[in-house]
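The values are calculated or read from the model by the stated rules, or taken from the named source; none is laboratory data. Given the structure is predicted, the values throughout are model-derived calculations rather than measurements. Quick reminder, even Gly has a Cβ in these numbers, built from the backbone with ideal geometry, and neighbours come from all protein chains shown.
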Amino acid sequence: MTNETVKVLIIGSGPAGYTAAIYAARAGLKPVLYTGGQPGGQLTTTNDVENFPGYPDGINGSQMMIDLQKQAERFGTRINYGLVTSVDFSGWPHKVVVDEKTTVVAESVIIATGATAKYLGLPTEEQYYNKGVSACAVCDGYFYRGKEVAVVGAGDSAAEESTYLANLCTKVHLIVRRDEMRASKIMQQRVKNTPNIEIHWNTETEEILGNGNEVTGVRVVNNKTGEKKHIPLQGFFLAIGHKPNTEIFKPYIDMDETGYINVKPGTSKTNVEGVFAVGDAADKVYRQAVTAAGTGCMGALDAEKFLVAKEMEMGMVHS
């Protein structure tokens, strides 16, 4: 097993990871970034990003990540393709194993591993992803102005996405698996009071229908009566939750019950000294590229402050 020592190790390569790299590199900290299994993160699966400031004509998600990578590299970030397979945060400096063969000894670690949207597991979901299937109404709703769409889910995020889309679309079909919603009472009320939202109770999605290029409808089944129905529509939004990619940090890092990392309010600091969490791995509320980038900046600045303090502390110990 090979070993290397770094001042700042960044795990993950979405907007949060790359922004952390840009700031850390410009501070002369020579960060090393490991891309993870999906270089560029969730945004690489998005065709058009229209809500990131500074791109008046929008930008392709993959292109935006290439631009961020180049910017990080320009200031001296070393970007490695590899997956972090285990960590040891029991003492300082921290030890991180990549691809089960390289041990990185890091004076500070910025976790930017993001989150993954949950899917129903239908083959047609994958086929029509970005061609009518989306896991983010705030990101993609604009493309469905004046069209008919469906949202699947029963929690607060499904209620929020439905009411958000109802302002843009002619009709929203909310597909709920049971005979009640899990959403808070106020959110349920909002859904029920929105005239162009139709709730389909006890209903499951059997198949997303399309013509090969785009979504044209959805086939649903009532799980009480067995009755099947075809709903013509142009957009299908998943709102059944996200899973943060934080499993390997569980033995050491404080998280909420769903696996989102707890950070000290107003910072990117975790419960482990010298370990910081940024982006969607620690954000279950906003989950936007621009907020992820903002926390990436925070992570780098927090790491820099930590390293300066640590250096002074070590200096005092050795003097």
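If only one of LEU174, LEU168 is part of a loop (DSSP other than H, G, I, E, B), modelled with pLDDT of 95 or more and surrounded by 15 or more Cβ atoms within 10 Å (Cβ to Cβ), which one is it? The match here is LEU168.
Scanning the stretch 134-158 for residues that are buried (at least 20 other Cβ atoms within 10 Å of the Cβ) and either part of a loop (DSSP other than H, G, I, E, B) or modelled with pLDDT of 95 or more (or both) gives ALA135, TYR144, VAL149, ALA150, VAL151, VAL152, GLY153, ALA154. In a strand (DSSP E or B) and in contact (Cβ under 8 Å) with a residue 40 or more places away in the chain: is that true of PHE306 in this structure? Against the criterion (in a strand (DSSP E or B) and in contact (Cβ under 8 Å) with a residue 40 or more places away in the chain), PHE306 does not qualify.
Looking at this structure, is SER90 touching a residue at least 40 places away in the same chain (Cβ under 8 Å), surrounded by fewer than 16 Cβ atoms within 10 Å (Cβ to Cβ) and of a type in the set (Ser, Thr, Tyr)? So SER90 fits the description; yes. With respect to being at negative phi and over 19 Å from the mean Cα position of the chain (by Cα), LEU122 fits the description. For the stretch 223-266, filtering for residues that are part of a strand (DSSP E or B) and more than 26 Å from GLU148 (Cα to Cα) leaves 4. Screening the stretch 6-44 for residues that are free of Cβ contacts under 8 Å to residues at least 60 places away in the same chain and of a type in the set (Ser, Thr, Tyr) and picking the one that is nearest to SER134 (Cα to Cα) gives THR44. Across the stretch 217-270, the qualifying residues are those that are in contact (Cβ under 8 Å) with a residue 60 or more places away in the chain and polar (S, T, N, Q), and the one among them that is nearest to THR124 (Cα to Cα) is GLN234.
Using the structure shown, decide if SER108 is in the same structural domain as ILE10 (by TED's automatic domain parsing) and exposed (fewer than 15 other Cβ atoms within 10 Å of the Cβ).
Spelling it out, it is not the case that SER108 is in the same structural domain as ILE10 (by TED's automatic domain parsing) and exposed (fewer than 15 other Cβ atoms within 10 Å of the Cβ).
Of the listed requirements (1) out of contact with any helix residue (DSSP H, G or I) (no Cβ under 6 Å at 6 or more places or on another chain); (2) touching a residue at least 40 places away in the same chain (Cβ under 8 Å); (3) assigned by TED's automatic domain parsing to the domain that holds PRO31, PHE276 misses just one: (1).
Considered as a group, the residues in the stretch 83-119 that are under 16 Å from the mean Cα position of the chain (by Cα) and in a strand (DSSP E or B) include one that is nearest to TYR23 (Cα to Cα), and that residue is ILE110.
With the structure loaded, tell me whether ILE253 is crowded, with 18+ Cβ neighbours inside 10 Å, in the same structural domain as TYR18 (by TED's automatic domain parsing) and more than 17 Å from the chain's Cα centre (by Cα) or whether it fails that test. In short, yes.
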